[in-house]
Structure formats: C-alpha cells, structure tokens
Amino acid sequence: MNDLEYGDVRSLEGSLLVVRGVRGAGWDESAVIRVDDGSERHGVVLEVADDLAVLQVLEGTAGMRPGGVRVRFSGSPFRVPLGRAWLGRTCDGRGEPLDGGPPILGTATAAVNGWPLNPVEREPPREPVLTGVSGIDALTTVVRGQKLPIFSVPGLPHLRLATQIAAQSSAAGDPFVVVFAAMGLPHADIDFVRTALDERAAAGELVMVLNSADDPVIERLLTPRIALTVAEQLAFVEGSHVLVVMSDMTSYCEAVREVAAARQEIPARRAYPGYLYSDLASLYERCGRIRGRPGSVTIMPVLTMPAGDITHPVPDLTGYITEGQIVLAEELNARGLYPPLDVLGSLSRLMRHGAGPGRTRDDHLEIAAQAVAALARARQAAELADLIGTGALSDTDRGYLAYATALEDSLLRQRPDDCRTFDDTLDRLWQAVSVLPRRELTMVSKALLASHLPAAGAR
Amino acid sequence: MDGVTRQGRVHRVDGPLVEAHDLPEASMYEVVELGEQRIPAEVVAIDGTKLTLQAFEYTGGLMAGDVVRRTGRPLSARLGPGLLGRVFDGLLRPLSSAPTWLSPQTLASGEQQSTRWHFVPNAAPGEELRPGALLGVVADTGAIEHRVLVPPGVSGELRYLAEAGKVPEGAAVARIGPTEIGLFEQWPVRRPRPFAFREETFAPLHTGQRVLDLLFPIGAGSSTAVPGGFGTGKTVLLQQLAKWCDADVIVYVGCGERGNEMADVLGDLAELTDPRTGGRMIDRTVILANTSNMPMMAREASVFTAITVAEYFRDMGYHVVVVADSTSRWAEALREFASRTGALPAEEGYPADLSSSLAAFYERAGRVRTEGGRVAAVTVVGAVSPPGGDLTEPVTTATERFVRGVWSLDRDLAYSRHYPAVSWSASYSHDAEAVAAWQSGHGNPGWAARRARAMTVLAEAARLSELAEIVGTRTLPGRERMTILGGRLLRDAVLAQSALSPVDATCSGERGAALLQLVLDVVDRCMTLVDRGVAATEVEQFDFGALVRAREEAPDLAVCRTAITTALEALA
Ligand SMILES: Nc1ncnc2c1ncn2[C@@H]1O[C@H](COP(=O)(O)OP(=O)(O)OP(=O)(O)O)[C@@H](O)[C@H]1O
Ligand SMILES: [Mg+2]
C-alpha cells in the first residue's frame, strides 16, 4: 500500500486521467481518486512511463479538473472480497451492494482478473447440467465446466431463455449456484431478471452483478470479472456447481471497443481492437473443473448478433473460444415457437462426454444423433418441397416433414415456467422420432429401438 | 560477467510492452528479466539508449524504475531427455509440475528438477567426432530411444565419455576437445538447427484419415495449413493426426486455444497404445500448452519453441510432426504487440512483416539429411482460424504462400455433420504427384488413377447437383443422375470418418484404397445398370445402407462387395 497522494494532473480526456510526479505505481494496479466535488472514484493504471501514470477512471472523469483531484494507488490490481457472504446478494460493476444491504465482507479478497488455470490441472468436464429445457437437454446438453453461449438477435426471447435456465438448472442434487452478470441491460430487462430469479435469490443460490445500460461503460469491463472471481471461489473452494450467465456480451464488447478507441488503439475488424479474442478468452476460459476439487464453473454468455450476422466479430470470436453454441432462430420465433432453438445450427461440443450411459440415460446419445440427422434430412425435404410442392415429394420425404413438426410439438415447444426431467425430455424425443418409418432409424441400435419404440404394427 | 553493468531500469510499462534504459550492451532478441518478479522479456528493438522489450508474462505491478537484468542469451529452449509424455508452456517450462493457478513467480520455479537419467555410451574415446555423431542413448525415456548427439558446432576428438549408469541432470557425459557435453543443451528458438542438406527422395506421411490419404496426401517434411471457421473440426482433425499418423514423434502446440482441449489430448493420448512401439501414444508426444488465457507473448514464442523441439528430435533421426493449433492466435499476438509499439499496420492491423514471420515458421519444415547423416523430417500442420470464416483474410492468404498443401474445412459440411469436413473442392496438395509415384513404386500402380476418378466424380457430382437444383433431378439423363448418386456415396461411404468411432477413427492405407475401389466399382455398376435400361429412380432408391456403413461394420469388404453386387444385379 502506497500512502502517498498525487494531485499533479497532466491531462484529462474521455475516461483517462494522467497524473505526474508519481513514484512507485505499478501497471494494472487500482487507485482511489478523491475529487473536490466530494466524490470518490476508482481507477486502473493503464500505463506507467517515468513519473507519469495513465489511469482509466471507472466512474468517468465528469467534473474533474486539474488541481481538484487526489490519487492514491492501492498497490494491487482491483480486488473483491470472496466467500459465501455473496449468496443472495446483488452488487454493481464495482462490487458495491445494490440491494441496500451491508458491504459484502469476505474471508479473503482476490484480484478480479484471476490467474490462468494450469491446463494440466484441468479435469475434463463429464457430468450434465439439467436445465429443464427439453431442446437443450436433449440435443445440446450443457456439461458442468463447459462454456456454451446463446447466439441470438435483438427481439428474440434470449433473456427469457437464459433466465429460465438460470432459474431451473440443477446438478443432480449437488449444491448449485447461479451468478448472473448483467452488462449494459436496460432497466426493464434487469427487473425482469430479478423477478424471474426471485426464488433462487431467496434460497441463497444467486449472486447478481448488475451493470445497466446507463451505468459507466468502464464498469462493464469489470462486471463479468467480478462475477467470475466470485464464482471461482464458490466453485473450487466452497464446492458448488456454479452457472455464470453473462448477458449481453455484445454490450460488453462494445465497451471494450469504446475504451480502445479512447486510447487511440489501432483497430482490427469492424473497429474492435485486435485483442478482443484474448480479452473474451480471459473471461470464457475461466470455466471448468479442477482435478481433485469439487465444484465447477459453467459459463453461459448471451449475445445478440448485430443484424443476425454470425460472422460479426462478437459471435465469431465467441464461437472460436466456446465449446459449441446454442442458436436461436428468428423464423421459429415468428411462428410462435418458444424456445426458438435452431437445432441444426446449435451444437454442444462436450455433449458426448456429459450425456449417455451413466450420465443421463443409455439411449441419449444415439437417439439425439438420430434426431439431428433426421432434422437435417427434413430440412432438405422442406427445401425441395418449396421448389416442387409437397405433393411431388416421396413418401419418405413427407415422413420427414411430419417428423419435423412432431419434434417441435412434442419436444421443443415448452412454457417458460416448465422444468422437465431428463426422462421426460428423452421420452418426448422418442415420441417425435417414432413418426419416422423404422427403416430410416439407422443410427439407433436394434436393442434400443426394440425397447423404446411402440411395436411396428402400431404405425 | 559484470553484474553491475548488466542492470538497467524500466522506463515505461504498457501491458506486455516494456521500455528500458541503461542497458548499453544488450543485443537484439536477448532475454532480460524485469523487476523483482524476474519476468522474462525479449529485446525486440533498440533505439539509442532505449530498449523495447516484449514481456512473456503478466506485467502487473511492474513500475517505472524497476530493475532490468540481462541474461546474455537469446530466448532459448532447454532440450534434453524428459520432454516426451509431458506438458510445457510456450517457453518450455514444465506445466506438469507447476501449481494449479499460473502466476509469473510459480512458473519460473518450475525449471529446477533433479531427475537422474540412465546413460548408455555408444562411442569410443579417441574417436574424431563431428556434429550429430552418436555419443550414447538415455535408456529410461519410454519407447522412443533418446539419442545423445554431438551438438551443432562442436567437433574434435572424444576425450571423455561417461560410463553406463545414472547421470545427474547437470553433469557432463562427454568431452570433445575442450567442450563439455551434457544431456541438456540450450538452443535459441528463433534459429533453425543446422542440417546437412534437404533430401531429394520422398516418403509419404500416412495420416489415417481417408480423405487426406486418398485425396490430399502429404509427404514427410511437408507443410500444410488447415483453415476453417469455428467448429468446422480443425482441432479434432489435428488431434486425429497426433493420435494416428505414422510419424515417430509428435509435437502438439496448443497456441491460444482452449484449456479443456489440452486436458483432453493429454487424457486421450495416455489411454491409447502406439501400435508400432507398444508404448503409450503420449510417450511419443511433447505437448506445449499456451492456452488463450495464458500470457499472449508466450504464445508468440511457443510455435518457435515447438519447431525447435521438433528439430532436436529430427537430428536424432526421427520423423517429427508439429501440429499447431492455431497459428492465427500466434499471428494475433504479433499484431497485438506491433500495435502497442506503434508500428505502421498493414492489412487488418497485422504488422507488415506478418508473412516473413509465417515463412520463418513454415520454412523450418523439411525432409533432410541431418549433420549426423540420418534421413529425418519435420512436418508442419498448422490450423488457421480465419475471422468470420473469410479465407481472404491476411493470415490465411499469407500462409497459403508458404505451405505445400491446404486442407480447407467447409462450414456447410460441418453444419450437416459431415466429418472430417475437408472440402474436396477447396483443398489441395502439391505432394499428390510425389505420393502417386511413391505408391506405384511400392506396389500400388492404381493409386493415382483411383484418386483421379474419385476427384472427377466428386467434382462432376457437385456441378450436376447445382444444375439439378434448378432444373430438377428428374430431367437429367440417367448417367448424370448416377454421377450425383456416386458423389453422395463417395462422400458418405468413403470420406466420412468419425473421430469417435471405435473401429474407424483411423484407417490403414490398404483398407482405405479397398473401400474407395469398392465404391467406385459400385458407381460403375450403377452406370451400367442405367445403360441397360434400368430406371435411374430405381437405382437411386436402392438401399445402399450396407455400403455406407461398411467402414464401420464390414471388417471384410469382399463380403460386402458380393452382397451389394448381387443385390444390384437383381435390379436388372
Ligand atoms: N472427425 C470428426 N468426427 C466426429 N466429430 C467431429 C469431427 N470433427 C469435428 N467434429 C465435431 O465438431 C466439433 C467441433 O470440432 P473442433 O473442435 O475440431 O472445431 P474447430 O475447428 O477446432 O473449432 P474452433 O476454431 O472453435 O476451435 C467437435 O466437438 C465434434 O463434435
Ligand atoms: Mg479448435
């Protein structure tokens, strides 16, 4: 800790404050800034050069003037308290309580940037999270310790789906905690999330870190880091399975871009800085499990693709880091299907490890693979039907079209307050698949067909 | 060395970019240590008294005025026994013995270890030895013999050679002239290790993946890029290669990718048995892990460290395959640093020397005669992750200029769950002709013709399918409809190969060729059938299930052939 205060301001611009005459300030350390309007603000050192320190002011520089600022460096990067005291609490993007409660006191503190996890110490994710949402549990199973984003477009019910998952998810009776990081969400959305997660909060299974659309942009960069730091401790020390929902990553990335632009950094694609990939990875890679420790951190980022463009840097870089993606489709939403899951565009890369015998149910992987393959075929049939008319389709192709409808009706369509078990979900999947002629079911073993399909004569 | 003149001061810190003063003797690419944490950094520019340094670790807490120490040596890898079967970071510091969370101090301490190695001499004192000559082997390092050689640049009379027995890590095992030779040597990672000459002769690399071995084969010492958007299967393909290709040693470098994937490779390889040595697959593999959340600049060093390790094993006479996932993340590290130094950016912010950096990497591939007279090779396969799947972006286009082959992964194929999603229209291999010649010299004269026929059917089928989408399949002549069918059969029965399959994850050259021949013969037979007047629709609706599943279910393809031929004949 450095008790000295520095007041010799060289310049102020945007959210940047440059002070002169500084000794002993380290790169990336945090600072407290007293302003003569009576406010106390917080900064992070972006650069040191001789006796200059460049600070990013979290709450912004409004009202600051040379001569009216005192800066004190803390000697360490930005830290938050850790521990179970977080359960049931809500704070802002600096870790300050928003729920009217007392300051959050932890057993220890940790720097919010965290440290990289030694890859050798990682335990490969193996067990499923039951989200209670059939389409996801059946076809893109979320695995504890995975990072699986929701790709959506503005106007779709991604927030509803994310909160449904946050409200319902469980880990076979093991302790389960949800950490919800809101970044740049409108107040109405934040209120919606709060109400929807009421029960989880009351049960002491929820932590909320909220940065609303009109909160300081700089704090948006800290919001997910606070959430993840709290989550890592609850998982790897306290032993809970923690699901971190981060919404909306698009707002987060815009904040990164805004800060980069203020620093006049050389932009890469679409004016986002070249390090956006590494920046996102420093968040997403904090999921996982650790050898010999209980608990897991599962990350579900939610992002809206500008103009529905999946090649836009935010979904693109996210897809390059995460282990699959859950994609929502406008067209399904327009038809009134909730949740509007684009099954073919979605994939959980870890599903094969976290579903199936000993994980969910013996038949899961085979029937899911069959269901997806059949849906791909159904889509081809639908395209053909658009060209030549349904009447000209072969019987088989018409069977596939019927299957696609059955899948929507018996499996995918679900109420936002409906939480289904794996058994229920998989039975529904069989029901949909059973619409197809038996000879088409080449991906399921004979034994499974015999035990799960109604007798051949019934169809 | 004079300790006093070897210290300078930090002047500026901007993330991994650090500037220092007062180190007049420091030279370009020398490693220095920053602050009390002794963060390793490399000198990347000298301007008067100002040094620009690229730090390989997180520089948090580093201050202006902090001490900078010289090491007097360039960024080097410590080469010796104990590399195989273990995991290291981009600077070749062992991760296997590092703690759970990687902060700068914890990794530096990883270097000390006190293993003793069992050395067995294999030379006679008094001999005149040249670089690359065999001194002995280290016996306790697994299935691959670890050969201790006279290092590059050293020659003369062998004055001393240790007797068989345990040797402590730091001890000398030989002396040539005045030079002591230990089990370990430091080699600057940015400098290629010397060899005698590039070999004119050719040998193929068998990958075990049918689409590669049959259509886009490569040779030992070649280089190939694997571009593809996210989720198209780059990592799985590279891992398949690491598991099944017939090289002696694999250097797997995870460069700016996922931690879970590194844990996966490690776990998978530990469980697999190498059919050729009987040892575990992991024991022929060196893993370098610099995941995306680890310090970015070590990512930049990691690919050079990897290729240096590969050259080290090459010099012992082995065929080494370097698998790099992903070279784009490495290029991004170059870009990131360049932009901090304020270098004038070229395309998409990448530094203007991007392509020479890529060349410096890929050009170290090759099949050579080593200084010790062994024929050995370093083959490089690098994943490329183009933003937005756009293959015209700078890293992809620059890479294509230096590699001999491209295995391009196609989003549509991956989307329809066809794996490996290697595009047969966008991929190529400059080695295909050499492989054809090699095959016909090794009893497979039909190899090239089969490949040509398969490529033709695939290309024709693609063209006709597009046409059919406009005019409808039914209006096409029977033979053309059979070509479309043939394309589908080739794709589903031959080229598809699931990495998860217990029987088909890898495929021998003979079986691959037999399967391709079988499918081509079936296609020919279908043509004959329509020529003889059988309705095309009838052939199209024939149940080819047994053929499509033959790769998984038919251990004996001859049986499958008889069954299908008979059933098809019944249509006539
Ligand atoms: N040969 C294969 N066999 C079976 N499945 C495969 C194969 N190749 C890819 N897949 C499937 O595709 C998924 C994505 O593959 P992979 O992780 O290799 O993609 P990638 O190109 O490396 O993506 P990224 O750029 O995001 O790292 C895998 O998790 C697996 O489900
Ligand atoms: Mg990958």
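The values are calculated or read from the model by the stated rules, or taken from the named source; none is laboratory data. A quick note: this is a predicted structure, and the numbers were derived from the prediction, not measured. Heads up, the Cβs are rebuilt from the backbone with ideal geometry, glycines too, and the neighbour counts pull from every protein chain shown.
Take the residues of the range B:420-445 that are of a type in the set (G, A, S) and free of Cβ contacts under 8 Å to residues at least 12 places away in the same chain: which is farthest from B:A493 (Cα to Cα)?
Initially, the range B:420-445 is screened for residues of a type in the set (G, A, S), giving B:421, B:423, B:425-427, B:429, B:432, B:434, B:436-437, B:440-441, B:443.
Next, from what is left, pick out any that are free of Cβ contacts under 8 Å to residues at least 12 places away in the same chain: B:440-441, B:443.
On the way: B:S440: 25, B:G441: 28, B:G443: 25 Å.
The qualifying residue farthest from B:A493 (Cα to Cα) is B:G441.
Of all residues in the range A:56-70, which are touching a residue at least 60 places away in the same chain (Cβ under 8 Å), touching a Gly at 6+ places or on another chain (Cβ under 8 Å) and either within 14 Å of chain B (Cβ to nearest Cβ) or in a loop (DSSP other than H, G, I, E, B) (or both)? Spell out how you get there, then give the answer.
Kept after step one, since they are touching a residue at least 60 places away in the same chain (Cβ under 8 Å), are these residues of the range A:56-70: A:56-60, A:67, A:69-70.
Subsequent filtering for residues that are touching a Gly at 6+ places or on another chain (Cβ under 8 Å) retains A:56-58, A:67, A:69-70.
Residues satisfying the conditions are A:Q56, A:L58, A:G67.
Taken as a whole, the range A:149-159 holds no residue that is without any contact (Cβ under 8 Å) to a residue 40 or more places away in the chain and either surrounded by fewer than 24 Cβ atoms within 10 Å (Cβ to Cβ) or touching a Ser or Thr at 6+ places or on another chain (Cβ under 6 Å) (or both). Of the listed requirements (1) out of contact with any Gly (no Cβ under 8 Å at 6 or more places or on another chain); (2) of a type in the set (G, A, S); (3) assigned to a helix (DSSP H, G or I), B:A461 misses just one: (1). Per this entry, A:V120 is not counted among residues that are in contact (Cβ under 8 Å) with a residue 60 or more places away in the chain and either buried (at least 17 other Cβ atoms within 10 Å of the Cβ) or more than 14 Å from chain B (Cβ to nearest Cβ) (or both). Within the range B:354-407, restricting attention to residues that are away from chain A (no Cβ under 14 Å), within 16 Å of ligand 1 (Cβ to nearest atom) and buried (at least 24 other Cβ atoms within 10 Å of the Cβ), the residue that is farthest from B:L212 (Cα to Cα) is B:T399. Is the range B:228-242 home to any residue that is touching a strand residue (DSSP E or B) at 6+ places or on another chain (Cβ under 9 Å), of a type outside the set (A, V, I, L, M, F, W, C) and more than 19 Å from B:V384 (Cα to Cα)? So far as the range B:228-242 goes, no, none of its residues is touching a strand residue (DSSP E or B) at 6+ places or on another chain (Cβ under 9 Å), of a type outside the set (A, V, I, L, M, F, W, C) and more than 19 Å from B:V384 (Cα to Cα).
The residues of the range B:411-460 that are away from every other protein chain (no Cβ under 14 Å), under 18 Å from B:V381 (Cβ atoms) and within 16 Å of ligand 1 (Cβ to nearest atom), listed by number, are B:P420, B:V422, B:S423, B:A426, B:S427.
Can you confirm whether B:S96 is free of Cβ contacts under 8 Å to residues at least 12 places away in the same chain and small (G, A, S)? Full working, then the answer.
Details: free of Cβ contacts under 8 Å to residues at least 12 places away in the same chain: yes; small (G, A, S): yes.
Yes: the conditions hold for B:S96.
Just wondering, is there one or more residues in the range A:384-393 that are in a loop (DSSP other than H, G, I, E, B), farther than 29 Å from B:A383 by Cβ and within 12 Å of another protein chain (Cβ to nearest Cβ)? Steps first, answer last, please.
As a first pass, look at the range A:384-393 and keep what is in a loop (DSSP other than H, G, I, E, B): A:389, A:393.
Right, trim to farther than 29 Å from B:A383 by Cβ and you get A:389, A:393.
Those left that are additionally within 12 Å of another protein chain (Cβ to nearest Cβ): A:389.
For the range A:384-393, residues in a loop (DSSP other than H, G, I, E, B), farther than 29 Å from B:A383 by Cβ and within 12 Å of another protein chain (Cβ to nearest Cβ): present.
Within the group B:A513, B:A426, B:A448, B:A499, which residue is outside any helix (DSSP H, G or I) and touching an Asp or Glu at 6+ places or on another chain (Cβ under 9 Å)? It would help to see each step written out before you state the result.
Details: B:A513 fails: outside any helix (DSSP H, G or I); B:A448 fails: outside any helix (DSSP H, G or I); B:A499 fails: touching an Asp or Glu at 6+ places or on another chain (Cβ under 9 Å).
Testing whether each residue is outside any helix (DSSP H, G or I) and touching an Asp or Glu at 6+ places or on another chain (Cβ under 9 Å) leaves just B:A426.
Taking B:S356, is it without any contact (Cβ under 8 Å) to a residue 40 or more places away in the chain and assigned by TED's automatic domain parsing to the domain that holds B:V189? Before you say what the answer is, go through the steps one by one.
Working: without any contact (Cβ under 8 Å) to a residue 40 or more places away in the chain: yes; assigned by TED's automatic domain parsing to the domain that holds B:V189: yes.
It is true that B:S356 is without any contact (Cβ under 8 Å) to a residue 40 or more places away in the chain and assigned by TED's automatic domain parsing to the domain that holds B:V189.
Are any of the residues in the range A:319-337 in contact with a helix residue (DSSP H, G or I) (Cβ under 8 Å, 6 or more places away or on another chain), at pLDDT below 95, assigned to a loop (DSSP other than H, G, I, E, B) and not basic (K, R)? The answer is no; no qualifying residue exists.
Within the range B:331-353, being hydrophobic (A, V, I, L, M, F, W, C) and away from every other protein chain (no Cβ under 12 Å) holds for one residue alone: B:A352. Looking only at the range A:312-329, decide whether some residue is out of contact with any Pro (no Cβ under 6 Å at 6 or more places or on another chain), of a type in the set (D, E, K, R) and farther than 20 Å from A:L350 by Cα. Within the range A:312-329, not a single residue is out of contact with any Pro (no Cβ under 6 Å at 6 or more places or on another chain), of a type in the set (D, E, K, R) and farther than 20 Å from A:L350 by Cα.
Within the range A:288-316, the set of residues being outside any strand (DSSP E or B), within 15 Å of ligand 1 (Cβ to nearest atom) and touching a residue at least 60 places away in the same chain (Cβ under 8 Å) comprises A:I310, A:P313, A:V314, A:P315. Checked across the range A:235-245, the condition of being in the same structural domain as A:Q146 (by TED's automatic domain parsing), part of a helix (DSSP H, G or I) and of a type outside the set (V, I, T) holds for at least one residue.
Being surrounded by fewer than 21 Cβ atoms within 10 Å (Cβ to Cβ) and either within 29 Å of B:S97 (Cα to Cα) or within 11 Å of chain A (Cβ to nearest Cβ) (or both) is the filter here, so list the residues in the range B:44-62 that pass it.
Initially, the range B:44-62 is screened for residues surrounded by fewer than 21 Cβ atoms within 10 Å (Cβ to Cβ), giving B:44-50, B:52, B:60.
If the condition is that a residue be surrounded by fewer than 21 Cβ atoms within 10 Å (Cβ to Cβ) and either within 29 Å of B:S97 (Cα to Cα) or within 11 Å of chain A (Cβ to nearest Cβ) (or both), then B:G60 is the only one that fits.
Screening the range A:346-370 for residues that are within 16 Å of ligand 2 (Cβ to nearest atom) and in a loop (DSSP other than H, G, I, E, B) and picking the one that is surrounded by the most Cβ atoms within 10 Å (Cβ to Cβ) gives A:L350. Close contacts from the range B:233-248, counting a first residue that is outside any helix (DSSP H, G or I) and a second that is within 15 Å of ligand 2 (Cβ to nearest atom) and charged (D, E, K, R), with Cβ to Cβ under 9 Å and a gap of 6+ residues or different chains, come to none at all.
Please verify whether the range A:403-417 includes one or more residues that are of a type in the set (F, W, Y) and part of a loop (DSSP other than H, G, I, E, B). The answer is no; no qualifying residue exists. For the criterion of being within 16 Å of ligand 2 (Cβ to nearest atom), facing chain A (nearest Cβ under 9 Å) and without any contact (Cβ under 8 Å) to a residue 12 or more places away in the chain, B:N260 passes.
Where in the range A:89-201 are there strands (runs of 3 or more DSSP E), lying fully within it, with 2 or more residues that are farther than 29 Å from A:R413 by Cβ?
The qualifying strands (runs of 3 or more DSSP E) are A:90-92, A:108-111, A:176-185.
Tell me, which residue of the range B:325-353 that is within 16 Å of ligand 1 (Cβ to nearest atom) and outside any helix (DSSP H, G or I) is nearest to B:V384 (Cα to Cα)? Result: B:S326. What number of residues in the range B:208-228 are more than 7 Å from ligand 1 (Cβ to nearest atom) and assigned to a loop (DSSP other than H, G, I, E, B)? Total meeting the criteria: 7.
Quick one: in the range A:26-55, of everything that is closer than 16 Å to A:V217 by Cα and crowded, with 23+ Cβ neighbours inside 10 Å, which residue is farthest from the other protein chains (Cβ to nearest Cβ)? Among those that are closer than 16 Å to A:V217 by Cα and crowded, with 23+ Cβ neighbours inside 10 Å, it is A:R41.
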